[in-house]
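Visitor: The structure that follows is given in the form of structure tokens.
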Amino acid sequence: MLELDSARNRRLGIAMVCVTTLCFSALDTTAKWLVLSLPVFQVVWLRFLTHSLLGLALLAPRYGMRLVRVQQPKLQALRALMLAVLTGLNFWALRYLQLDVTAAIQFSVPIMIALISARWLGERLDARSWIAIVLGFGGVLLIVRPGSQAFHPAIVLSILNAVLYAAFNLLTRRLAATELPAATQLLSAIGATVLLTPLGLLQWKTPEDWLSWMLVLSMGLVGGLGHLMVAQAHRYASAAVLAPFLYQQIVYMGLLGWLVFGHVPDLAVVSGAAIVTFSGLYLLYREFRR
């Protein structure tokens, strides 16, 4: 439930979203570091295993059996499967791509949601929205640069992740109408853990140093905290207020990519990210006005 609308509550919501973007940026940075030395499936499995254990410790005392009383178990199972697959695609892409590239492609999701809504959900888009969609995909092409030396096949993984994440968001919206958000978040993490356990154990490679173990543990912490913060933020401010602040994650990803891996985004990536951001924000603005 949204708290009483006030300037103070909006500031609290914005602050929580800022924490969310920092957490998710740290999560992707940590994942990229780990997949350079550990199998991708193992890293994805450990990410959800630590998230599930942390979520159970924090949420079970508060919600009890409400965490497992869901009205749409099939959709919950589908959401868990989608979460496992899209995270795997993202971590696999991170092994080869810079953080700023995956972040810029990831933020084409509002553009893809608008396109999916128009094509399969029957929502009507005006000419301005279609222009924003075309410009947004132009920005993605500027980042991807198919056919050039800058193109890496792993970009396809990142694009698939963005498409799946758009569908994942639409499914989450549908579940939000009938399900407890805390239950949806936790059950998806647990479901992804169960699905990935055979693959994670099959590819198991023991981390070689204490830093790797610390990063493994931190994945669950920052991932769980990020999901918790974004859910709490929506109690204090509307999505229309919060959505623009999510885009600061592109800045954090570029900065962390430079600080940790020495990657500097080129002009094409910066320009493409700017176009994608503008198009996504415009589509969000049109959605909230409607």
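The values are calculated or read from the model by the stated rules, or taken from the named source; none is laboratory data. The structure displayed is predicted, hence computed values, not measured ones. For neighbour counting, all protein chains shown are included, and Cβ atoms are generated from backbone atoms with ideal geometry for every residue, glycine included.
Visitor: Quick one: in the stretch 245-259, of everything that is surrounded by 18 or more Cβ atoms within 10 Å (Cβ to Cβ) and under 14 Å from Ala15 (Cα atoms), which residue is farthest from the chain's Cα centre (by Cα)?
Guide: Phe245
Visitor: Would you pick out the residues in the stretch 184-215 that are more than 18 Å from the chain's Cα centre (by Cα) and aliphatic (A, V, I, L, M)?
Guide: If the condition is that a residue be more than 18 Å from the chain's Cα centre (by Cα) and aliphatic (A, V, I, L, M), then Val194, Leu195, Leu196, Leu199, Leu201, Leu202, Leu211, Met214, Leu215 are the ones that fit.
Visitor: Same structure, new question: With the structure loaded, tell me whether Asp28 is part of a helix (DSSP H, G or I) and either touching a Ser or Thr at 6+ places or on another chain (Cβ under 8 Å) or closer than 15 Å to Leu217 by Cα (or both) or whether it fails that test.
Guide: Against the criterion (part of a helix (DSSP H, G or I) and either touching a Ser or Thr at 6+ places or on another chain (Cβ under 8 Å) or closer than 15 Å to Leu217 by Cα (or both)), Asp28 qualifies.
Visitor: Determine whether Gly13 is farther than 30 Å from Lys205 by Cα, in contact (Cβ under 8 Å) with a residue 60 or more places away in the chain and buried (at least 17 other Cβ atoms within 10 Å of the Cβ).
Guide: The answer is yes for Gly13.
Visitor: Regarding Leu221, is this residue at pLDDT below 80 and either in a helix (DSSP H, G or I) or surrounded by 15 or more Cβ atoms within 10 Å (Cβ to Cβ) (or both)?
Guide: So Leu221 fails the test.
Visitor: Report yes if some residue within the stretch 261-268 is touching a helix residue (DSSP H, G or I) at 6+ places or on another chain (Cβ under 8 Å) and more than 22 Å from Ala26 (Cβ to Cβ); otherwise report no.
Guide: Yes: the stretch 261-268 contains one or more residues that are touching a helix residue (DSSP H, G or I) at 6+ places or on another chain (Cβ under 8 Å) and more than 22 Å from Ala26 (Cβ to Cβ).
Visitor: Answer yes or no as to whether Thr206 is of a type in the set (S, T, N, Q), surrounded by fewer than 12 Cβ atoms within 10 Å (Cβ to Cβ) and under 22 Å from Pro73 (Cβ atoms).
Guide: Spelling it out, it is not the case that Thr206 is of a type in the set (S, T, N, Q), surrounded by fewer than 12 Cβ atoms within 10 Å (Cβ to Cβ) and under 22 Å from Pro73 (Cβ atoms).
Visitor: On the basis of being of a type in the set (Phe, Trp, Tyr), in contact with a helix residue (DSSP H, G or I) (Cβ under 7 Å, 6 or more places away or on another chain), surrounded by fewer than 21 Cβ atoms within 10 Å (Cβ to Cβ) and at pLDDT 90 or above, does Trp45 make the cut?
Guide: Spelling it out, it is not the case that Trp45 is of a type in the set (Phe, Trp, Tyr), in contact with a helix residue (DSSP H, G or I) (Cβ under 7 Å, 6 or more places away or on another chain), surrounded by fewer than 21 Cβ atoms within 10 Å (Cβ to Cβ) and at pLDDT 90 or above.
Visitor: Out of all the residues in the stretch 71-119, which are farther than 22 Å from Ile275 by Cβ and among the polar types (S, T, N, Q)?
Guide: Those that are farther than 22 Å from Ile275 by Cβ and among the polar types (S, T, N, Q): Gln71, Gln72, Gln76, Thr87.
Visitor: Of the residues that sit in the stretch 158-191 and are under 17 Å from Gly224 (Cα atoms) and of a type in the set (A, V, I, L, M, F, W, C), which one is surrounded by the most Cβ atoms within 10 Å (Cβ to Cβ)?
Guide: So the residue we want is Ala189.
Visitor: Does the stretch 229-237 include one or more residues that are among the β-branched types (Val, Ile, Thr), buried (at least 21 other Cβ atoms within 10 Å of the Cβ) and modelled with pLDDT under 85?
Guide: The answer is yes, given that some residue of the stretch 229-237 is among the β-branched types (Val, Ile, Thr), buried (at least 21 other Cβ atoms within 10 Å of the Cβ) and modelled with pLDDT under 85.
Visitor: While we're looking at this one, here's another question. Being of a type in the set (Val, Ile, Thr) and either at pLDDT below 85 or part of a loop (DSSP other than H, G, I, E, B) (or both) is the filter here, so list the residues in the stretch 150-180 that pass it.
Guide: Once the filter is applied, which keeps residues that are of a type in the set (Val, Ile, Thr) and either at pLDDT below 85 or part of a loop (DSSP other than H, G, I, E, B) (or both), the stretch 150-180 yields Thr172, Thr178.
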